[in-house]
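Down below is the structure, laid out as C-alpha cells.
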Amino acid sequence: MMKKKIASAFVILSVLELIVLIFIGGSIIHTIIQPDTFTGIISLPLAACFLSLWMFFSKQKLEERIVAMQICFITACLTLGPLVCLWLVTTG
C-alpha cells in the first residue's frame with residue numbers, strides 16, 4: 001500500500017515537473033539552449049513518470065532492492081532535469 005502512495009506521488013511530481021519544464025523551456029529555447037538539448041531535458045521527467053507507473057503496477061514489495069533502486073533513479077531523474085536547465089541558463 002505504501003509503495004502505491006510513493007509511486008502516485010512520483011507520478012504527480014513528474015507530470016508537474018514536465019509541465020514546468022515545458023513552460024520554462026518554451027521561453028528559453030532557441031536563445032539559450034538548442035532544441036535537441038531541450039528534448040533531452042524533457043526526457044528525464046518522462047522517464048521518471050514511466051518508472052513511477054511501472055512501480056505502481058508491479059507486484060514487487062516495498063522491501064525489495066529493485067523498488068529501492070527505482071525510487072533512487074526516479075528521484076535522480078526528477079532532480080537532474082531542473083538542475084541541467086538551471087545550469088544551462090546560468091552559463092548561457
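At most 14 other C-beta atoms within 10 Å and a DSSP loop state: those are the exposed trypsin sites (Lys or Arg not before Pro) I care about. Give me the longest piece of the chain that has none. Don't skip to the answer; put the middle values down first.
Numbers: sites that count: Lys59, Lys61.
Here the longest run is 1-58.
Over 10 Å intervals from 0, what percent of Cα-Cα pairs in the range 1-86 sits in each interval?
18, 46, 24, 10, 2
How large is ³J(HN,Hα) for each residue in the range 47-56, as worked out from phi by the Karplus curve 6.51 cos²θ - 1.76 cosθ + 1.60 (θ = phi - 60°), to whole Hz, x for Gly and Pro?
5, 5, 5, 4, 5, 5, 5, 4, 5, 5
Would you mind giving the average projected area, over all directions, of the Cα convex hull of the range 51-92 in nm² with one decimal? Please list the in-between numbers first.
Values: hull surface 12.6 nm².
Its Cα hull, projected and averaged over all orientations, spans 3.2 nm².
With a 1.4 Å probe and all protein chains left in place, how much accessible area per residue does the chain have, in Å²?
Values: 5990 Å² over 92 residues.
On a per-residue basis, the chain sits at 65 Å².
Please name whichever of Cys77, Ala7, Val20 sits farthest to the positive end of the charge dipole of the chain, dipole taken about the Cα centre and charges placed at Cβ: Lys and Arg +1, Asp and Glu -1.
Positive-most Cα among the choices belongs to Ala7.
Hey, what did the chain get for relative contact order, percent, Cα under 8 Å, at least 6 apart?
Values: 76 pairs, mean separation 36.9, N = 92.
40 percent.
For the range 1-74, with all protein chains present and a 1.4 Å probe, just round the carbon and sulfur fraction of the accessible area to a whole percent.
Working: 3620 of 4870 Å².
On the range 1-74, the fraction of accessible area on carbon and sulfur atoms equals 74 percent.
Mean residue ellipticity at 222 nm from the helices of the chain, using -39,500 (n - 2.57) per DSSP H segment of n ≥ 4 over the full residue count, to the nearest 500 deg cm²/dmol?
Here the helix-only value at 222 nm equals -29500 deg cm²/dmol.
Kindly state, to the nearest 0.05, the FRET efficiency for Thr79 paired with Ser27, given R0 = 25 Å and r defined as their beta-carbon distance.
Working: r = 22 Å, r/R0 = 0.87.
The pair Thr79/Ser27 has a calculated efficiency of 0.70.
To the nearest 20 debye, what is the magnitude of the charge dipole of the chain about its Cα centre, counting +1 on the Cβ of each Lys and Arg and -1 on the Cβ of each Asp and Glu?
440 debye
Under a Cβ-Cβ cut-off of 15 Å, what is the net charge of the residues other than Leu62 that fall near it, where Lys and Arg count +1 and Asp and Glu count -1? Before the final figure, lay out each step's value.
Values: positive: Lys3, Lys4, Lys5, Lys59, Lys61, Arg65; negative: Glu63, Glu64.
For residues surrounding Leu62, the net value is +4.
The values are calculated or read from the model by the stated rules, or taken from the named source; none is laboratory data. Keep in mind that this is a model prediction, so the values were computed, not measured. Note: ideal-geometry Cβ built from the backbone for every residue, glycine included; neighbour counts use all protein chains shown. We work out accessible area using only protein heavy atoms, side chains counted, and drop any ligands, DNA or RNA first. Shrake-Rupley method; radii C 1.70, N 1.55, O 1.52, S 1.80 Å.
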